[in-house]
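What follows is a set of notes on a single structure, which appears directly below.
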Amino acid sequence: MTYNGADLIFPNLGIVIQDLPNHITVFGYRIAFYGIIIGIGMLLGIWVACIDAKRRGQDPDIYIDFALYAIIISVIGARIYYVAFEWDYYSAHPAEIINIRNGGLAIYGGIIAAFATAFVYTRIKKLSFFSLADTGVLGLITGQILGRWGNFFNCEAFGGYTDNLFAMRIKESLVNPSMISEELKAHLINDGGITYIQVHPTFLYESVWNLCALIFLVWFASRRKKWNGQIAVMYLLLYGIGRFFIEGLRTDQLLIPGTAVAVSQALSAVLVIFAAAVLIMMGRRTKGKPYIK
């Protein structure tokens with residue numbers, strides 16, 4: 001079947017996107033959909049956190065105030081993380097380190113920075129770090145759900161070749177050549193004289209996984225929570241499990257220097273083990289105790 005030069009196709013679902021824009025232009029200034037989506041995700045995350053704060057009888061303004069610091073520091077953290085594991089390139093091009101308009105933000109760096117910011121913020125404001133983290137992670141994962149769709153418009157963060165139900169076919173000319181693995185090159189598809197790669201839409205997998213995790217965490221927080229910090233630890237467990245398997249599919253992994261090990265996959269494994277251990281230990285300590293907000 002010929003798709004008339006469509007930019008993006010889900011052949012097994014019958015979905016065809018003829019033209020996939022990735023930016024808008026305002027007064028001659030190019031604004032990427034990636035940035036717009038990330039921004040909307042942040043706002044939506046703050047809204048979700050404020051809703052949970054009200055449910056718990058807390059002041060939502062605390063989370064708005066915290067977000068003003070956390071968002072800025074998390075973007076910096078995401079950039080530092082990415083640059084650190086792509087240092088061979090950035091050491092030779094130091095002027096590019098601050099040029100985030102060309103991409104290069106790693107979510108784990110943002111998560112680490114967000115937790116560090118929460119720790120410092122709660123110490124200064126004399127608040128409970130674990131209580132704030134429980135509500136904060138609901139906003140964080142909400143932002144992640146939406147944020148992954150920025151990768152969709154950028155035609156990035158995809159996996160290797162597949163022909164499963166959700167297989168996504170992308171016009172090769174839209175993709176950064178460094179993301180096209182040897183496996184994908186071996187499965188190039190020519191349709192009407194146009195070359196496509198066919199991949200796992202890992203951005204979609206992660207977005208759906210995070211949505212399911214959010215639904216579960218919201219339910220658990222309102223009905224089953226027994227100790228402050230429990231929701232934050234469960235977030236680390238659930239996100240870590242999903243990211244471990246999804247990261248293994250991707251073609252643009254950041255690797256631990258000198259190895260073929262994906263750093264995000266290794267970090268996910270560590271977080272899953274840590275979170276599982278904490279949940280088991282605290283489960284024993286709080287057995288029979290009443291639920292809390």
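Of all residue pairs spaced 6 or more apart or on separate chains, those with beta-carbon atoms under 6 Å, a first member in segment 241-255 that is closer than 23 Å to residue 83 by Cβ and a second member that is among the polar types (S, T, N, Q) and outside any helix (DSSP H, G or I) are 251/181.
Conditions (1) at pLDDT 95 or above; (2) surrounded by fewer than 17 Cβ atoms within 10 Å (Cβ to Cβ), marked per residue:
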position	(1), (2)
17	yes, yes
21	no, yes
31	no, yes
34	no, no
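No other residue among 203, 244 is surrounded by fewer than 21 Cβ atoms within 10 Å (Cβ to Cβ), within 24 Å of the chain's Cα centre (by Cα), among the hydrophobic types (A, V, I, L, M, F, W, C) and in a helix (DSSP H, G or I) apart from 244.
This table checks each residue for (1) within 20 Å of residue 208 (Cα to Cα); (2) among the aromatic types (Phe, Trp, Tyr).
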site	(1), (2)
94	no, no
106	yes, no
112	no, no
126	no, no
129	no, yes
138	yes, no
146	yes, no
153	yes, yes
165	yes, no
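All conditions in (1) in contact with a Gly (Cβ under 6 Å, 6 or more places away or on another chain); (2) buried (at least 21 other Cβ atoms within 10 Å of the Cβ) hold for residue 130, with the sole exception of (2). The set of residues in segment 122-166 that are over 22 Å from residue 41 (Cα atoms), in a helix (DSSP H, G or I) and not polar (S, T, N, Q) comprises 123, 124, 125, 129, 130.
Taking segment 170-197 as the region of interest, how many residues are exposed (fewer than 15 other Cβ atoms within 10 Å of the Cβ) and assigned to a helix (DSSP H, G or I)? Of the residues in that region, 6 qualify.
When segment 212-241 is filtered for residues that are of a type in the set (Lys, Arg) and not in a loop (DSSP other than H, G, I, E, B), only 223 remains.
When the residues of segment 111-127 are filtered to those that are of a type in the set (A, V, I, L, M) and surrounded by fewer than 14 Cβ atoms within 10 Å (Cβ to Cβ), which remaining residue is nearest to residue 70 (Cα to Cα)? Among those that are of a type in the set (A, V, I, L, M) and surrounded by fewer than 14 Cβ atoms within 10 Å (Cβ to Cβ), it is 120. Here segment 247-274 is the region considered, the condition is being crowded, with 16+ Cβ neighbours inside 10 Å and hydroxyl-bearing (Ser, Thr, Tyr), and the residue that is modelled with the lowest pLDDT is 251. The set of residues in segment 255-264 being in a loop (DSSP other than H, G, I, E, B) and over 17 Å from residue 182 (Cα atoms) consists of 256, 257, 258, 259, 261. Close contacts from segment 125-140, counting a first residue that is assigned by TED's automatic domain parsing to the domain that holds residue 207 and of a type in the set (Phe, Trp, Tyr) and a second that is assigned to a loop (DSSP other than H, G, I, E, B) and surrounded by 23 or more Cβ atoms within 10 Å (Cβ to Cβ), with Cβ to Cβ under 9 Å and a gap of 6+ residues or different chains, come to none at all.
The values are calculated or read from the model by the stated rules, or taken from the named source; none is laboratory data. Note that this is a predicted model, so its numbers are computed, not measured. Glycine also receives a Cβ, built like all others from the backbone with ideal geometry; neighbour counts cover every protein chain displayed.
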